[in-house]
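The values are calculated or read from the model by the stated rules, or taken from the named source; none is laboratory data. Here the structure is a predicted model, which is why all the values come from computation and not from measurement. Reconstructed Cβ throughout: ideal geometry from the backbone, glycine too, with neighbour counts over all protein chains shown. Side chains included, ligands, DNA and RNA excluded: accessible areas come from the protein's heavy atoms. Shrake-Rupley method; radii C 1.70, N 1.55, O 1.52, S 1.80 Å.
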Amino acid sequence: MKTVIIIPYRNRETHLNYWLENTYPLIKKAVPNVEVIVVEQTEGKKFNRGATINIGYLHYNNDENSYITQDVDVNPINDEIINLYGEDVKNDKFLGIYSDGRTLGGIVKFTGSTFKRVNGFPNDYWGWGHEDKDLSNRAEFYNCLIERKIKFEDSDKSKYLNIFQDNHVREDCGKWGLAYGIWDRVPDDQKKSYIESNGLSSLQYKVINEVVLMENVKKITVEI
């Protein structure tokens, strides 16, 4: 069984190089049999974090693997958090290594079988934000256990993480209303239909290029 780290990516070369040169060696020491897949979305559309992570999962499509979502600008800097990358996660559980207190964004670990059960992320969150809340909604709907360790809002997170700031203009995806506003009022049959029709099972994409960046690290460029 592998642990696959999925990095959704576009136009963040400085951050990616730093992560590969400084953070990845630390994780390799703590996590046996780890691989990294960088999923680079082509230009032309707003960035779609959820869909790029889905593509990273589908590249392996193995229920027995463990998977970790990894934002490219977030770097663990001490053993306490790095060891969480190697923590065993059972089926029907999401481990928020670094995540918002209400969502499943940032660094999150889960099994392939669990991710497939919730049908992954939604594919239609184009732009910044809220796809991580949608994933949390899916996990809760299927009664998955959610454990969050370090939270975005924690005042002491800098002792665990080196987080880069960037100058990218982040245009909101405009789906706050679905993820936060009305979800709790949607009937269960409609929730189930939405989840089953929007995710891993419905994703369409094309792999444009694949390169090996270093041992056990590949980058695939995809068109969504």
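A few remarks follow.
- Meets criteria (modelled with pLDDT of 95 or more, in a loop (DSSP other than H, G, I, E, B), within 13 Å of the chain's Cα centre (by Cα) and within 22 Å of R10 (Cα to Cα)) for G105: no
- Positions within region 98-130 being open to solvent by 10 Å² or more (accessible area, probe 1.4 Å) and closer than 14 Å to G199 by Cβ, in sequence order: K116, R117, N119, N123, D124
- Some residue of region 115-135 being in contact (Cβ under 8 Å) with a residue 12 or more places away in the chain, in contact with a Lys or Arg (Cβ under 8 Å, 6 or more places away or on another chain) and aliphatic (A, V, I, L, M): yes
- Unmet requirement for V34, which otherwise passes all of (1) at pLDDT below 95; (2) closer than 30 Å to K90 by Cα: (1)
- Taken over region 131-152, the criterion of being part of a loop (DSSP other than H, G, I, E, B) and surrounded by 24 or more Cβ atoms within 10 Å (Cβ to Cβ) is satisfied by no residue.
- Within region 1-39, considering residues that are part of a loop (DSSP other than H, G, I, E, B) and aliphatic (A, V, I, L, M), the one farthest from N78 (Cα to Cα): M1
- Restricting the search to strands (runs of 3 or more DSSP E) fully inside region 160-224 and requiring at least 2 residues that are more than 30 Å from L26 (Cα to Cα) and either more than 19 Å from the chain's Cα centre (by Cα) or at pLDDT 85 or above (or both) gives 206-214.
- When we screen D63, D92, D124 for residues that are touching a helix residue (DSSP H, G or I) at 6+ places or on another chain (Cβ under 7 Å) and either farther than 21 Å from K2 by Cβ or modelled with pLDDT under 95 (or both), the only hit is D63.
- Taken over region 62-73, residues that are more than 19 Å from T221 (Cβ to Cβ) and surrounded by fewer than 22 Cβ atoms within 10 Å (Cβ to Cβ) amount to 5.
- Members of region 40-93 that are part of a helix (DSSP H, G or I) and either of a type in the set (D, E, K, R) or more than 21 Å from N198 (Cα to Cα) (or both): R49, D79, E80, I81, I82, N83, L84, Y85
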